[in-house]
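Asks: Let me begin by handing over the structure; questions about it come next.
The values are calculated or read from the model by the stated rules, or taken from the named source; none is laboratory data. These numbers come from a predicted model, not from an experiment. Positions of Cβ are generated from backbone atoms using ideal geometry, with glycine treated the same way; all protein chains shown enter the neighbour counts.
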């Protein structure tokens, strides 16, 4: 490794299936803190329990935040389709690489995509 070092202040050991003494021993051997679920990894929540629909609200907020600054009304429909397929869908696909999303989450994610594609905005018209 070229100068890369582990930051043990930011590192945590998260273990399942072993008793508390074994968890403490592993954390001590790794010279890091003992963590617990749920944790965040690369922006996604990782949990030992199934995630609820409300736990995915951050994903919808990220998509809506990405749409807001765009001037979609000045882009042709082909350009909006390309932006939707490549840029907006990438967040959802990244989340789906780890989890099966609820149907309600899919429907919530489709709303800003369709508003952006058809109207050029990320939000429903008031």
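Asks: Being surrounded by 11 or more Cβ atoms within 10 Å (Cβ to Cβ), assigned to a helix (DSSP H, G or I) and modelled with pLDDT under 80 narrows it down to one residue among 83, 60, 88; which is it?
Replies: 88
Asks: For region 16-46, name all the residues that are closer than 24 Å to residue 97 by Cα and in contact with a strand residue (DSSP E or B) (Cβ under 8 Å, 6 or more places away or on another chain). Walk me through how you get there before you give the answer.
Replies: Here is the first cut: in region 16-46, the ones closer than 24 Å to residue 97 by Cα are 16, 35-46.
Across region 16-46, the qualifying residues are 35, 37, 38, 39, 40, 45, 46.
Asks: Here is a further query. For region 18-47, what are the residues that are within 30 Å of residue 110 (Cα to Cα) and surrounded by 11 or more Cβ atoms within 10 Å (Cβ to Cβ)?
Replies: Within region 18-47, 37, 38, 39, 43, 44, 45, 46, 47 meet the criteria.
Asks: Okay, next question. If you go through region 63-80 one residue at a time, how many are surrounded by fewer than 16 Cβ atoms within 10 Å (Cβ to Cβ), touching a helix residue (DSSP H, G or I) at 6+ places or on another chain (Cβ under 8 Å) and not in a helix (DSSP H, G or I)? It would help to see each step written out before you state the result.
Replies: If we filter region 63-80 for residues that are surrounded by fewer than 16 Cβ atoms within 10 Å (Cβ to Cβ), which is where we start, we get 65, 68-69, 71, 73-79.
Filter again for touching a helix residue (DSSP H, G or I) at 6+ places or on another chain (Cβ under 8 Å), leaving 73, 75, 77.
Imposing the further condition that a residue be not in a helix (DSSP H, G or I) reduces the set to 75.
Count: 1.
Asks: Has region 2-11 got at least one residue that is within 20 Å of residue 112 (Cβ to Cβ), surrounded by fewer than 13 Cβ atoms within 10 Å (Cβ to Cβ), free of Cβ contacts under 8 Å to residues at least 24 places away in the same chain and out of contact with any strand residue (DSSP E or B) (no Cβ under 9 Å at 6 or more places or on another chain)? Even if it seems obvious, please write down each step before you answer.
Replies: So the first thing to find is which residues in region 2-11 are within 20 Å of residue 112 (Cβ to Cβ), and the list is none.
Checked against the condition, which is being within 20 Å of residue 112 (Cβ to Cβ), surrounded by fewer than 13 Cβ atoms within 10 Å (Cβ to Cβ), free of Cβ contacts under 8 Å to residues at least 24 places away in the same chain and out of contact with any strand residue (DSSP E or B) (no Cβ under 9 Å at 6 or more places or on another chain), region 2-11 yields no hits at all.
Asks: Consider residue 51 carefully, then state whether it is modelled with pLDDT of 85 or more, assigned to a loop (DSSP other than H, G, I, E, B) and surrounded by 12 or more Cβ atoms within 10 Å (Cβ to Cβ).
Replies: The answer is no for residue 51.
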